Amino acid sequence: MVQRYVMSIDQGTTSTRCILFDARGRLVSVAQREHQQHFPRPGWVEHDATEIWRNVGRIVPQALADAGVEPAQVVGLGIANQRETTVLWDRHSGNPVGRAIVWQDTRTDAMLEQLAREPGADRVRRLCGLPLATYFSAPRVRWMLERTPGLRERAERGDVLFGTVESWLIWNLTGGPEGGVHVTDVTNASRTMLMNLRTLSWDDELLDFFDVPRAMLPEIRPSTEVYGTTSRVVPGIRIAAALGDQQAALFGQTCFAPGEAKCTYGTGSFLLLNTGPTPVLSAHGMLTTVGFKIGDEPAVYALEGSIAVTGSLVQWFRDGLELIGSAPEIETLARTVEDNGGCYIVPAFSGLFAPHWHSEARGVIAGLTSYITKGHLARAVLEATGWQTREVVDAMNADSGLALSTLKVDGGMTADNLLMQFVADVLDVPVVRPMVAETVSLGAAYAAGLSVGYWPDLEGLRRNWHRAGQWLPTMDPARRDSEYSHWRQAVELTFGWMRPGPAAAPPGSDLVEVVLADHRRIEQLFRDLRNDEADRPALIAELSASLVAHATATERIIRPDETGNGLAGELLAVLDSGADFEKALVSLENSVDAHIRAEERGLLNELRRTLSTSDRTGLGRAFVAERQRQLDLDCGSAAHVREQGARLRLS
């Protein structure tokens, strides 16, 4: 009997993978290719959609060849994808209209501040379940339509199409300009801010609010359905499912019943709770989203809680404090002590996400005494992830009226047994880890296999789920309550750190935050230029533009009467990219680093002390406007730098 398989494409933020699974849900082969990250300006993140499509054309045949499998043996293909990333392309040529704007991109921040004051803004969340935020697709579509001459007219005619990445791939796989199918599934549509959560259709009120033409939108379909058959790359394979990556992980973890939840522990963490056939609007900082929709059955909804800092806290402990040499060493170090010694670390590096949503918060180490050792700090680092998970679960339980009975986990941090035991202890429920770690890819495969009858039903998928590890709660309830109380007290210490009053400035408009963001991006560009595989010309162009725009805005908005060190000579030496490039880059980096350190030690502290929140907000907006004006003038070109000459200074 010929063996049959199901295929999944997992299109992620940094790479694309193609995996074949057998009938028992076991991984048979995997092929993977990374794609380039583009950062043309501070806060901007872009991908080349053509590069992603080209990579799919390489990894699908490779996965088949590595397993010795013929295309006819593949019963169906499921696609999981990075959510919210926005692609516009020409229906007739198949060419993207610019690069895809990635979910991490924040260029629409100012637009959203304006939209928040528009009539109807208060209804957006009730209709789509999502807050006005740069995270989602609709503001990006509007931004692209407004910034590209003639694009709106083409979109209104249906000549330009919009989709998240799964739409782009399905359209190309089914023929592209030659009859490609333009569809999306309900989970991805629910992340655009354009779909009505209850009707599961594009909402006229939301389309009017964001000014997005209906003619450019894909058809919304269930998560499990045969959308079409591949005619390109490997012809003849049925495309039978699509889900956003976190929803695919929910499906791969077989969280099919209300009250079942999964948490993916990575750099940050995503916790999704199945809430059943009715959407639950959160009163506790969660996002309301579609979990999945199987064929003609009613949609299943979910609450989602995002935790900004989990695995990245371990990375900071390793790279920033240099207390461990590798991430796995933290468990060994933490086991040298019995408890945290009364020490708590709240990692609000860039504010707190769910359920608090305090952008002004900053991290603290609380309860520090001379008794504390690096072992206690290591334990506090791990426990921070446990307590943050507890906060999200409590918020979800309160919103949904459901009580979590078991938490299914996946992701790199689940290899830390001490952490997983602590999560079980603070949640007071079992924590379980599956045999197959690739839950996103497996979820897409499960959905496709279910769609074509490869697996008969959800119970058949449940039987495929096998436990690799389990942690049962053992903590004394009184200790749990006491330590949670201490944690919440520590969290409260982070509030209001960056602003003195309760009236917070709109995100991204405080002058101090704006300047710090410039600093961090410029430092990252210098680091990226050390990578031999980097796109050096693009990075140099962005670095030059960022430095000139920052220096000019600083001079005109913050320090109009002060002089500084000349920048033009060192910058031109780098722009020339001659034989002495490395020497020129080091010289420029040293000068910029000295400027950044001086600004952060002196100027920014002075601004915090002497200016009110409203004053800093006003100056921040003026700074952003001036910086953008300079960028629009192509300020980083060699010709512009030469023209500025001695006037170009780092104050």
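The values are calculated or read from the model by the stated rules, or taken from the named source; none is laboratory data. Fair warning: this is a prediction, and the values are worked out from it, not measured in the lab. Virtual Cβ from ideal backbone geometry, glycine too; neighbours counted across all protein chains shown. Just so you know, the surface numbers come from the protein's heavy atoms only, side chains and all, with ligands and any DNA or RNA stripped out. Shrake-Rupley method; radii C 1.70, N 1.55, O 1.52, S 1.80 Å.
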statement: Residue hits (the stretch 1-60; at pLDDT below 90, open to solvent by less than 30 Å² (accessible area, probe 1.4 Å), over 25 Å from F526 (Cβ atoms) and not small (G, A, S)) are none
message: Between a residue in the stretch 11-23 that is of a type in the set (D, E, K, R) and any residue that is open to solvent by 10 Å² or more (accessible area, probe 1.4 Å) and not in a loop (DSSP other than H, G, I, E, B), which pairs come within a Cβ distance under 7 Å, given they are 6 or more apart or on different chains?
response: R17/D10; R17/V30; R17/Q32; D22/Y5; D22/V28
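Within the stretch 326-356, which residues are open to solvent by 70 Å² or more (accessible area, probe 1.4 Å) and under 22 Å from the mean Cα position of the chain (by Cα)? Walk me through how you get there before you give the answer.
Residues of the stretch 326-356 that are open to solvent by 70 Å² or more (accessible area, probe 1.4 Å), as a first pass: 328-329, 332, 335-336, 338, 349-350, 353.
F349, S350, F353, listed by residue number.
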field: Hey, L88 more than 20 Å from S167 (Cα to Cα) and either open to solvent by 10 Å² or more (accessible area, probe 1.4 Å) or outside any helix (DSSP H, G or I) (or both) or not
entry: no
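Using the structure shown, decide if A308 is of a type outside the set (S, T, N, Q) and open to solvent by 20 Å² or more (accessible area, probe 1.4 Å).
On the way: of a type outside the set (S, T, N, Q): yes; open to solvent by 20 Å² or more (accessible area, probe 1.4 Å): yes.
So A308 passes the test.
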message: Looking only at the stretch 131-154, filter to residues that are open to solvent by 10 Å² or more (accessible area, probe 1.4 Å) and of a type in the set (F, W, Y); which one of those is farthest from L281 (Cα to Cα)?
response: W143
- prompt: Would you say L250 is under 20 Å from the mean Cα position of the chain (by Cα), more than 22 Å from V75 (Cα to Cα) and touching a residue at least 24 places away in the same chain (Cβ under 8 Å)?
  reply: yes
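Can you pull out every residue in the stretch 7-51 that is more than 30 Å from V624 (Cβ to Cβ) and of a type in the set (G, A, S)? It would help to see each step written out before you state the result.
Pass one, the stretch 7-51, residues more than 30 Å from V624 (Cβ to Cβ): 7-12, 15-34, 50-51.
Answer for the stretch 7-51, where residues must be more than 30 Å from V624 (Cβ to Cβ) and of a type in the set (G, A, S): S8, G12, S15, A23, G25, S29, A31.
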task: Kindly list the number of the only condition in (1) open to solvent by less than 50 Å² (accessible area, probe 1.4 Å); (2) closer than 27 Å to L323 by Cβ that fails for V440.
output: (2)
- line: Within the stretch 357-371, of all residues that are of a type in the set (A, V, I, L, M) and surrounded by fewer than 18 Cβ atoms within 10 Å (Cβ to Cβ), the one nearest to the chain's Cα centre (by Cα) is I365
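Please give the helices (runs of 4 or more DSSP H) falling wholly within the stretch 245-347 in which 3 or more residues are touching a helix residue (DSSP H, G or I) at 6+ places or on another chain (Cβ under 9 Å) and modelled with pLDDT under 95.
Working: elements: 245-252, 311-315, 329-334.
Where helices (runs of 4 or more DSSP H) fall fully within the stretch 245-347 and carry at least 3 residues being touching a helix residue (DSSP H, G or I) at 6+ places or on another chain (Cβ under 9 Å) and modelled with pLDDT under 95, they are 245-252, 311-315.
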- prompt: Is there a residue being over 18 Å from the mean Cα position of the chain (by Cα), of a type outside the set (V, I, T) and in a helix (DSSP H, G or I) anywhere in the stretch 92-110?
  reply: yes
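Please enumerate the residues belonging to the stretch 197-228 that are out of contact with any strand residue (DSSP E or B) (no Cβ under 8 Å at 6 or more places or on another chain) and among the β-branched types (V, I, T). Please lay out each step first, then the result.
So in the stretch 197-228, the residues out of contact with any strand residue (DSSP E or B) (no Cβ under 8 Å at 6 or more places or on another chain) come out as 198-199, 204-205, 207-211, 213, 215.
Scanning the stretch 197-228 gives a single hit, T199.
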message: Taking the criterion of being surrounded by fewer than 24 Cβ atoms within 10 Å (Cβ to Cβ), under 17 Å from T184 (Cβ atoms), not β-branched (V, I, T) and not assigned by the TED database to the domain that holds T310, would at least one residue in the stretch 286-295 satisfy it?
response: no
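Determine which member of the set A257, A240 is within 22 Å of A80 (Cβ to Cβ) and crowded, with 24+ Cβ neighbours inside 10 Å. Explain how you work it out, then say what you get.
Numbers: A257 fails: crowded, with 24+ Cβ neighbours inside 10 Å.
One residue alone meets the criteria, A240.
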- line: Counting only residues that are open to solvent by 20 Å² or more (accessible area, probe 1.4 Å), within 21 Å of E331 (Cα to Cα) and either modelled with pLDDT of 85 or more or not in a helix (DSSP H, G or I) (or both), the stretch 396-415 contains a total of 4
statement: Expected single match for crowded, with 20+ Cβ neighbours inside 10 Å and over 30 Å from S312 (Cα atoms) among T229, T224, T264 is T224
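Table: residues versus (1) hydrophobic (A, V, I, L, M, F, W, C); (2) exposed (fewer than 15 other Cβ atoms within 10 Å of the Cβ); (3) not in a loop (DSSP other than H, G, I, E, B).
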residue	(1), (2), (3)
G175	no, no, no
T184	no, no, yes
N188	no, no, yes
M193	yes, no, no
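Only one of L161, L200, L207 is within 26 Å of V233 (Cβ to Cβ) and touching a helix residue (DSSP H, G or I) at 6+ places or on another chain (Cβ under 9 Å). Can you tell me which?
Details: L200 fails: within 26 Å of V233 (Cβ to Cβ); L207 fails: within 26 Å of V233 (Cβ to Cβ).
Checking each option against the conditions leaves just L161.
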- prompt: Can you pull out the helices (runs of 4 or more DSSP H) entirely within the stretch 573-648 that have at least 3 residues that are open to solvent by less than 50 Å² (accessible area, probe 1.4 Å) and in the same structural domain as L529 (by the TED database)?
  reply: 581-598, 613-632, 638-644
- request: Can you tell me which residue among L323, L313 is touching a residue at least 40 places away in the same chain (Cβ under 8 Å), of a type in the set (A, V, I, L, M, F, W, C), more than 19 Å from D394 (Cβ to Cβ) and open to solvent by 20 Å² or more (accessible area, probe 1.4 Å)?
  value: L323
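Could you check the stretch 47-79 and list, in sequence order, the residues that are part of a helix (DSSP H, G or I) and of a type in the set (A, V, I, L, M)? Break it down into steps so the answer makes sense when it comes.
Quick first cut of the stretch 47-79, residues part of a helix (DSSP H, G or I) only: 49-67, 71-73.
A49, I52, V56, I59, V60, A63, L64, A65, A67, A72, listed by residue number.
Okay, residues lined up against (1) part of a loop (DSSP other than H, G, I, E, B); (2) open to solvent by 50 Å² or more (accessible area, probe 1.4 Å):
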residue	(1), (2)
L419	no, no
R433	no, yes
A447	no, no
W455	yes, no
R479	no, yes
Y484	no, no
R488	no, yes
